[in-house]
Structures are given as structure tokens and as C-alpha cells.
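Note sheet for the following structure.
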Amino acid sequence: MRPALDPALYLVTDTELSRPRAVADIVRAAVAGGVTAVQVRDKTASRRELYALTLAVREALAATPGVALFVNDAVDVALLAGADGVHIGQDDLPPAEVRALLGPDRLLGLSAGSAAEMAATLALPAGTVDVVGIGPVWSTPTKPDAGTGLGPEGVAALSGQARAAGLRTVAIGGIDAARAASVSGVDGICVVSAICAAPDPEAAARELRSALATAVTP
């Protein structure tokens, strides 16, 4: 049985933006402020470092078992660290093969940033993917290779296709508390710098949750 997933406020970690604070401390504060899912991402870390980071974040989430823990890209790390799932991009391993590695009891997220990528996602066997990360909504320095921003309307259009197929969706890319109200038609928003770079991650998460009251449609 797959873990429960509430993607309303989905945090992707960034080790550099979090410094000098520990990523696990950022996560702990953010969850206290209302973050509902966490993805561990560190493109510069070795597999051993990513494993240690994931274990530290998992420990930070120990008191909040309803917060799903994903690992970015690294299926092996997700399995070894006992994470709830993995999130992959379009250039990573094929989703069907990743699902086979994960088995039926973990979550799989997949990025989609165009109509063609969404069509490929929807063509996958039922049950392969649980949540689709759609974006970037706006271009963002935390992922400069993500492409041109889709805008809120573009995200809503792709999300509508995914949700009609029974998949949950999160919007990602350049979202902060001020812009969150412009995003609609998704199950949640995904943020990086809006929390990781904030002086007070808990307060930043609370502000985002407040914005979600009008930003995200059920």
C-alpha cells in the first residue's frame, strides 16, 4: 500500500540556499509551518552524501509521519534510506522502469513541462505515476535548465489533463507567497527558495499556506 500523499505545500530542499543552517533543521521548521511533503534534492552531493542527507531529513520528519518524503532522481538512495518515494525528471530513468524498481508500495513523481511530456506521462500504464510536477510556472534561478515559464494558464491547462486521468499535480517554478495566488487548477505548489532561503522557514511556510487558501483548487 502506497503512503498517503498531501501535496498542498511541497518543499524541495536546497543545501546551498539553506546554509549555514542544516537542511534537516529547515525541514523541521517548514513542516511546523505547514509543509506537507518534502523532496530531498542536492545535485552536487555524492550518493553517500545524499543518503546521509536523506536519513537526516527522515529523522526530522519522524514526528510527522503524514509528511511524505521523496528523493530526487536517486532510486537507490530512496530505497536504502526508506523514503516514501522518488521524483524523476524527463532526462532520468524511464518511469515504468523506476516503478518496477520501487515496487507497488512507494510513490513516484514525474516532471512535465510541455504538452508532449504530459501526453507521454498520460500514456504510461495506470499506477505508474502518483504526482506530476508541472513547470516551471515562471523561470527560476534554482533550476536554470528548466525551460521557459509556462505561466499560470499553461500550468492549469496541463494540470487539467493530468487530474482528469486521476493524477495529482503540483506547480513548480518561481512561486512565492506573492505569486501563489496566481496559481490555480493544481493540487499543490512546490517551492525551493521561498522556504530554504527564508530567514524564518516556519513563518515562510505559514505565509504560503495562507496564500493557498485562495491559490489552489481542490
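Being farther than 15 Å from Asp200 by Cβ and either assigned to a loop (DSSP other than H, G, I, E, B) or touching a strand residue (DSSP E or B) at 6+ places or on another chain (Cβ under 7 Å) (or both) is a property that Ala24 lacks.
Only one of the numbered conditions (1) touching a Leu at 6+ places or on another chain (Cβ under 8 Å); (2) among the hydrophobic types (A, V, I, L, M, F, W, C); (3) surrounded by 16 or more Cβ atoms within 10 Å (Cβ to Cβ) is violated by Val12, and that is (1). Tallying residues that are surrounded by 12 or more Cβ atoms within 10 Å (Cβ to Cβ) and either over 17 Å from the mean Cα position of the chain (by Cα) or more than 22 Å from Ile189 (Cα to Cα) (or both) within region 101-114 yields 3.
In region 16-44, the residue that is farthest from Ala83 (Cα to Cα) out of those that are of a type in the set (Lys, Arg) and in contact with a helix residue (DSSP H, G or I) (Cβ under 9 Å, 6 or more places away or on another chain) is Arg21. The selection criterion, being over 29 Å from Ala198 (Cβ atoms) and assigned to a helix (DSSP H, G or I), does not hold for Leu17.
Each value in this text was obtained by applying a stated rule to the coordinates, not by laboratory testing. Source: prediction; values computed, not measured. Backbone-built Cβ (ideal geometry, glycine too); neighbour counts: all protein chains shown.
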